[in-house]
Amino acid sequence: MKDLSLHILDIVQNSTRAQASLVEIGVEENTETNLISIFIKDNGTGMPPEMVEQVSDPFVTSRTTRKVGMGIPLFKQSAEQSGGHLNIFSELGVGTTLVVTFKLDNIDTPPLGDLSGVIAMTVSGNPNIDFIFSYKYNNLLYEFDTREIKQILGNTPITEPKIAAFLRDMIKENVEEIKSKSTL
């Protein structure tokens, strides 16, 4: 995959297939520790321990529509090529958490990509799932919670194209503002 936002999209799709009702997505760029950290946590069906051990093998997948699952293996390979790592924690009936790190200054670290577009598309494409997105740059934090957005929207569906475009722009502006204000 060309950028980290596409990896995030792929993993979030796993969460939606696992019947999650809440998905948390966090991205942190820290110039002091020289790391990009990404976590994706869901309250979906979770995985048994033997599946967690095998999930980074591209020929192991829970999907029945095809015999390969490339998302996690590619994400792991990308992290390791950049001096980072990928860890998965999962419990049946509780959910799954994926944590990935990348070295910021490594030439093999992919760009973040269209993070705001991926988050907005994911939110508008899954109106029955709640999402919390957090972005931290050094010491500044931006958080976005669809439960608050849905409450503000009232009867206006979050699936409306104008709402999705507004959310994309709002997320993008806040992420850019945090990056420009960072004191480190």
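Mind computing the radius of gyration and Dmax over the alpha-carbon atoms of the chain? Å is fine for both.
16.5, 49
If a/c stays under 1.5 just call it rounded; otherwise compare a/b with b/c (prolate if a/b is bigger, oblate if not). Do that for segment 114-156, with a ≥ b ≥ c from the square roots of the Cα gyration tensor eigenvalues.
oblate
Would you mind telling me the share, in percent, of accessible area of the chain contributed by carbon and sulfur at probe 1.4 angstrom?
After summing per-atom areas, the C and S share lands at 51 percent.
Listed highest first by mean packing, meaning other Cβ atoms within 10 Å per residue, what order do 145-157, 92-104 come in?
In descending order of packing, they fall as 92-104, 145-157.
Give me the one-decimal nm value for the distance between modelled label points at Val99 and Gln13, 7 Å along each residue's Cα-to-Cβ direction.
Going by the 7 Å Cα→Cβ label model, 2.7 nm.
Per residue, how much accessible surface does the chain expose to a 1.4 Å probe? Answer in Å², no decimals. Don't jump to the answer; show the numbers that get you there.
Details: 9970 Å² over 184 residues.
Ligands and nucleic acids excluded, the figure is 54 Å² per residue.
Take every Cα pair under 8 Å in the chain that's 6+ residues apart, average their separations, divide by the length, and report that relative contact order as a whole percent.
Reported relative contact order: 24 percent.
Quick one: if the Förster radius is 41 Å, what FRET efficiency do Thr33 and Thr156 give, using the C-beta to C-beta distance and rounding to 0.05?
Once the sixth-power term is evaluated, E becomes 0.50.
Assign one of three labels to segment 88-177, namely rounded, prolate or oblate, based on the Cα gyration tensor with a ≥ b ≥ c the square roots of its eigenvalues; rounded applies when a/c is under 1.5, prolate when it is not and a/b is larger than b/c, and oblate otherwise.
Verdict is oblate for segment 88-177.
The values are calculated or read from the model by the stated rules, or taken from the named source; none is laboratory data. Please read all numbers here as calculations on a predicted model, not as lab measurements. All Cβ positions, glycine included, derive from the backbone under ideal geometry; neighbour counts span all protein chains shown. Note: areas computed on protein heavy atoms with side chains; ligands, DNA, RNA excluded. Shrake-Rupley method; radii C 1.70, N 1.55, O 1.52, S 1.80 Å.
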